[in-house]
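One structure is given here, and the rest of the page talks about it.
Quick note: the coordinates plus some simple rules give every number you see, no bench work behind them. Predicted, not measured: the structure shown is a model, and the values here were computed from it. Quick reminder, even Gly has a Cβ in these numbers, built from the backbone with ideal geometry, and neighbours come from all protein chains shown.
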Amino acid sequence: MIQTRTFLLFTFVFLACCFVIVFGQTTSPETNCTIKSNTTCEECLEIVSCLWCISSQKCIDYPVKSILPSHSVCPLSEARWGVCWMNFQTLIITISVIAGVIIIAIFVCCFRCCKCENIGSKRSDERMERQAHLRKFRQEERKAEMRQRHEEMRLKYGLQKDNPYSRFENS
């Protein structure tokens with residue numbers, strides 16, 4: 001359980017850092033992307049906050065106010081961000097699929113860990129209960145055998161009385 005909590009904490013911190021890196025950057029005056037227009041994609045994407053549009057050969061500031069750039073700025077299939085060899089649409093789909101697989105894997109792991117812990121405790125509780133009933137049954141059997149032996153001894157030596165709470169008298 002501690003390992004699961006550590007893994008979830010690590011995953012949360014990692015995703016938070018990725019979110020800050022991707023969405024937390026602002027453009028400073030000295031890193032203006034329009035200066036890199038009409039150059040190459042590689043030169044444009046040296047600045048992390050820039051977006052390269054292949055159709056217009058323009059380097060533009062990434063529109064951080066909207067998560068995805070609008071079609072009027074640059075079509076997603078023509079946009080490049082981060083790497084030149086992959087269009088922005090493919091990048092978004094790939095990252096979404098990988099993130100979805102990771103999240104599903106985390107939920108499956110958590111579900112299995114919780115389920116295994118609950119099943120294990122239920123099984124052990126049931127086993128302990130069966131053993132307790134078995135011990136109680138054996139103890140009752142031993143008590144009945146002891147009573148039977150005591151009754152046989154009393155009969156053998158003639159010590160049996162009608163009232164079991166009266167004192168024995170020496171005759």
Grab the other residues whose beta carbon is less than 14 angstrom from that of LYS143, score K and R as +1, D and E as -1, and report the net.
+2
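Per residue Cα convex hull volume for segment 30-86, in cubic angstrom?
76 Å³
Using Cβ counts within 10 Å as a stand-in for footprinting exposure, how do LEU76, LEU51, LEU134 rank, fewest first?
By the 10 Å Cβ count, ascending, the order reads LEU134, LEU76, LEU51.
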